[in-house]
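S.K.: I'd like to ask you about the structure that follows.
The values are calculated or read from the model by the stated rules, or taken from the named source; none is laboratory data. From a predicted model like this one, the values you see are computed outputs, not experimental measurements. All Cβ positions, even for glycine, are placed from backbone atoms using ideal geometry, and neighbour counts span all protein chains on display. Side chains included, ligands, DNA and RNA excluded: accessible areas come from the protein's heavy atoms. Shrake-Rupley method; radii C 1.70, N 1.55, O 1.52, S 1.80 Å.
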Amino acid sequence: MKTLFLHLLAFCAVLAPVNMAQARAPKPPVIIGGFEVGKTFTLPITFRDSSSQVAGGEPQPVAPPAGIPAYTEGQQIKFTIGKKGELLAPGIKIPFKTATDQNNIYVGLPTRKAPTPPLATVYKNSEGEPTGVWLQFVKVKIVKRIPTVYYVNYGVGDFPR
């Protein structure tokens with residue numbers, strides 16, 4: 001019995017350095033939608049359209065309402081791919097939905113306060129690098145039982161027109 005215990009102890013001592021080396025080995029990067037988690041890229045706003053439409057009326061140009069980022073044309077926007085693949089930028093956090101070779105789609109979840117979630121499409125070149133982003137926000141506000149819908153769209157970098 002004593003010999004068996006010594007053999008077992010020696011066997012464990014031999015395996016300990018192997019396990020420690022495995023624990024120290026770098027973990028492979030997490031890739032979601034072709035982008036490594038933590039990836040950042042900066043692109044300029046090249047298009048902005050912000051309007052509101054009162055029920056039955058014509059759309060009117062307005063500033064983006066509260067709760068929607070108010071970017072300006074030419075402004076540089078830094079995007080980051082979050083831990084769960086979400087698209088992050090100042091004022092936005094949109095969950096990853098799906099990907100193709102040409103683009104990634106991001107869609108927020110509808111809530112009572114935001115029944116129309118934000119949408120984003122990140123366009124990629126043939127090497128899989130981001131070249132452009134399309135951001136779309138819709139907000140509905142009801143005042144005295146009259147709905148007003150705000151539409152805010154941003155084109156960032158090189159996006160299909």
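S.K.: For the chain, what are Rg and Dmax over the alpha carbons, in angstrom?
M.R.: Expressed in Å, the Cα Rg and Dmax of the chain come to 24.6, 91.
S.K.: Quick one: accessible surface of K39, probe radius 1.4 Å, all protein chains present, in square angstrom to the nearest 10.
M.R.: K39 has an accessible surface of roughly 50 Å² with all protein chains in place.
S.K.: Report the relative contact order of the chain, percent, no decimals, based on alpha-carbon pairs under 8 angstrom and at least 6 residues apart.
M.R.: Numbers: 305 pairs, mean separation 34.6, N = 161.
Relative contact order, the chain: 21 percent.
S.K.: Skip the ligands, DNA and RNA, and give the accessible area per residue of the range 79-161 with a 1.4 Å probe, whole Å². If you can, show how the numbers build up before the last one.
M.R.: Values: 4980 Å² over 83 residues.
Computed with neighbouring chains in place, this is 60 Å² per residue.
S.K.: Which part of the range 47-61 falls in the paramagnetic zone of K144, meaning amide N under 16 Å from the point 7 Å along Cα-to-beta-carbon?
M.R.: 54-57
S.K.: Another question, if that's okay. Over the chain, how many pairs of lysines fall under 17 Å by alpha carbon, counting only those 8 or more apart in sequence or from different chains?
M.R.: Lysine pairs meeting the criterion: 19.
S.K.: So if I place +1 on the C-beta of Lys and Arg and -1 on the C-beta of Asp and Glu, and nothing else carries charge, what would the dipole magnitude of the chain be about its Cα centre? I want it in debye, nearest 20. Walk me through the numbers on the way to the answer.
M.R.: Details: 18 positive and 9 negative charges, 167 e Å.
Computed about the Cα centre, the dipole is about 800 debye.
S.K.: Between S126 and T40, what is the spin-label point distance in nm, taking each point 7 Å from the Cα along the Cα→C-beta axis?
M.R.: Output for this residue pair reads 3.0 nm.
S.K.: On to the next question. Take the solvent-accessible surface of the protein heavy atoms, probe 1.4 Å, and return the percent of it on the range 35-109 that carbon and sulfur atoms account for.
M.R.: Working: 2250 of 4190 Å².
About 54 percent, which is the carbon plus sulfur part of the accessible surface.
S.K.: Let me ask something else about it. Protein chains only, probe 1.4 Å: how do L109, L43, L119 rank by accessible area, largest first? Mind dumping the intermediate values first?
M.R.: Values: L109 135, L43 25, L119 65 Å².
From most exposed to least exposed: L109, L119, L43.
S.K.: Taking amide H positions as placed in the peptide plane 1.01 Å from N, state which residues far from F79 in sequence (5 or more) or on other chains have amide H under 5 Å from it.
M.R.: F41, T42, L43
S.K.: Cβ under 15 Å from Y150's Cβ, Y150 left aside: what net charge do those residues give with Lys, Arg +1 and Asp, Glu -1?
M.R.: On the way: positive: R48, K113, K139, K141; negative: D49, E58.
The answer is +2.
S.K.: Please give the calculated 222 nm ellipticity per residue for the chain, where each DSSP H segment of at least 4 residues contributes -39500 (n - 2.57) and the sum is spread over every residue; nearest 500 deg cm²/dmol?
M.R.: On the way: 1 runs with 23 residues, N = 161.
Roughly -5000 deg cm²/dmol at 222 nm, from the helical runs in the chain.
S.K.: Sequence-distant or interchain residues sharing an amide H contact under 5 Å with N103, placed H: which?
M.R.: K124
S.K.: Another question, if that's okay. Report the residue, chosen from A120, A66, A99, that carries the largest GNM mean-square fluctuation when the chain is represented by alpha-carbon nodes joined by springs under 10 Å.
M.R.: A66
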